[in-house]
Amino acid sequence: MKTEHFPSDIQPFITPKPGGDLGYDCLNCQARFKPDRLYYTCPKCGGLLMLTDSQFPRLKEQPGSFWRRLFDHRLMANDPAIRGVFTFHEFIAPLIPLEDVIYLGEGHTPVVAAPEVLAKEVGAEFYVKLDGLNPSASFKDRGMAAALSYLKYLTRIQGLTQVIAVCASTGDTSAAAALYSASLGGPVKSAVLLPQGRVTPQQLSQPLGAGATVFELPGVFDDCMRVVEYLSEQYQVTLLNSKNPWRVLGQESYAYEVAQQFDYEVENLVLIVPVGNAGNITAILNGLLKFYKAGIIESLPKIIAVQSERANPVFLYYREEPQARKYVPVTVKPSVAQAAMIGDPVSFPRLAALVAQYEKATHKPSFFAVEVTEKAIMEGTLAANRRGLPVCTQGGEGLAGLKAALALGLIGPKEKAVIDSTAHALKFMDFQNAYFNGGLAAEYGIETRAELVNKPKTLDIPGPLPDGRTKLSLTDQKLFVKTAAQKIAQSLGLKATA
Ligand SMILES: *Cc1c(COP(=O)(O)O)cnc(C)c1O
Ligand SMILES: [Zn+2]
């Protein structure tokens, strides 16, 4: 819709005006730094950083109803700078001029109600937000859109001639980093570090296709992360892991969209989030708190973090009573929720700080962590896929988490869960294939249930047969069609037409 066709009270606000006063806040020593360069850790003490807007109170000068109306109207605007996560420009990164905003189609992923058959099997109605429908097929695009828009802005105003963007990845960060870097071109080049054999073939093909330099390292993600951290301390590189606080800002859009997709009525929602490096859940908590403080939502939903029992440091921490909690990294074991297979989540300090703030605002326990078995993750994935909801293994982990939370009584009868299916099902199909071919038992400890297995059938048809190259005689062709059809009819139990 053209700006002049919006209601007159909305018109002047459709195009956001850059503003605010963003700065890096150190979570450890509370120092604050200007956003005129990229920091990953506090230059004073090495602590983790969050970007905050010291002029946030200006956003409260307008009532929540104003923002709700504005964001709903912006969905009809065709300006690419406000089509994606920057629909919420004032709450994401108001510093970035619209001319620097990169939009590759990310954000505004659908929320889908679980089909009735699936809801019955699970024992509760619930929703899935299909975040795999982002351009590189995972939620990581949300954060990259913000991080690379900022980088574009910085590169432009500082006239940088060479920017080497690096990240470690369980597969999806590298796909997103390579894609968004490739869209910038010019001085920006990307390099990604992957744990060899611990990303899916689809995930490996993505940064290769985007022209990134791909390094495969021995070990797991945590090992790659240590190398990348060393690189970012000793060399001039741009870090694109979620240590980069601009990523967190972009990923807040997930929370804003959920609010919008439920007409800003989030009181009875329970957001279920698979957790690896804890960047996504940090962003979701922060986004919800910002919308709440601005009066855009009037309550805060319950949050449930899900981890595999093979990569569960966040679960282990929150399992303890508050005074007994102690953060201990774990050594991971192979998990089919491979994108979340992280033993020492970089964003843990952010998560702990935000959970405390969140529960201060809700005045009651509102954040829970559950752990699930590999078997439950795989069966959750298969169950959703069999009932019209294609999810990745992390989405399956979310469904397993929903079941675990229901069993623990964490979800009340009036509450409805929204599972974050963080990537596209197709990226992780090799786990389904391995399950169907009996290949998950040894490494993942998952015993196959025969009734869940599905394999292609071949038919025993006497020749001559088509081979895709030479043409059969008409008689042979007719015979082949008839025999194949009869065998299929027999297999399906079809009745002949009268
Ligand atoms: C990165 C990723 C996760 C984990 O998110 P964190 O922000 O690292 O906690 C979960 N699922 C998928 C598909 C991912 O790519
Ligand atoms: Zn500090």
- Message: So, Pro349, is that one at pLDDT 95 or above, within 16 Å of ligand 2 (Cβ to nearest atom) and not in a strand (DSSP E or B) or not?
- Response: yes
- Query: Given the structure, is Leu59 hydrophobic (A, V, I, L, M, F, W, C), over 22 Å from the mean Cα position of the chain (by Cα) and modelled with pLDDT of 95 or more?
  - Reply: yes
- Query: Given the residues Leu194, Leu160, Leu179, which is the only one that is open to solvent by 50 Å² or more (accessible area, probe 1.4 Å), within 19 Å of Thr422 (Cβ to Cβ) and in the same structural domain as Ala146 (by TED's automatic domain parsing)?
  - Reply: Leu179
- Message: I'm checking my understanding of the structure. Among residues of the stretch 264-285 that are in contact with an Asp or Glu (Cβ under 6 Å, 6 or more places away or on another chain) and not small (Gly, Ala, Ser), which one is most open to solvent (accessible area, probe 1.4 Å)?
- Response: Asn268
- Task: Working carefully through the options Gly396, Gly401, find the one that is surrounded by 24 or more Cβ atoms within 10 Å (Cβ to Cβ), closer than 23 Å to Glu309 by Cβ and in contact with a strand residue (DSSP E or B) (Cβ under 7 Å, 6 or more places away or on another chain).
- Result: Gly401
- Message: Restricting to the stretch 39-58, and then to whatever is touching a Pro at 6+ places or on another chain (Cβ under 9 Å) and closer than 15 Å to Leu239 by Cβ, can you tell me which residue is surrounded by the most Cβ atoms within 10 Å (Cβ to Cβ)?
- Response: Leu49
- Message: Can you pull out every residue in the stretch 1-34 that is within 16 Å of ligand 2 (Cβ to nearest atom), assigned to a loop (DSSP other than H, G, I, E, B) and in contact (Cβ under 8 Å) with a residue 24 or more places away in the chain?
- Response: Leu27, Asn28
- Only unsatisfied item for Leu118, checking (1) in a strand (DSSP E or B); (2) within 23 Å of Asn268 (Cα to Cα), is (1)
- Query: For the stretch 211-317, list the helices (runs of 4 or more DSSP H) that sit wholly inside it and hold at least 3 residues that are within 22 Å of Tyr40 (Cα to Cα), of a type in the set (Val, Ile, Thr) and touching a helix residue (DSSP H, G or I) at 6+ places or on another chain (Cβ under 8 Å); which are they?
  - Reply: 279-293
- Boolean, Pro313 is without any contact (Cβ under 8 Å) to a residue 40 or more places away in the chain and out of contact with any Leu (no Cβ under 9 Å at 6 or more places or on another chain): yes
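The values are calculated or read from the model by the stated rules, or taken from the named source; none is laboratory data. The structure presented is a predicted model; accordingly, all values stated were derived computationally and were not measured. Note: ideal-geometry Cβ built from the backbone for every residue, glycine included; neighbour counts use all protein chains shown. What goes into the accessible areas is simple: the full protein's heavy atoms, side chains included, and nothing from ligands, DNA or RNA. Shrake-Rupley method; radii C 1.70, N 1.55, O 1.52, S 1.80 Å.
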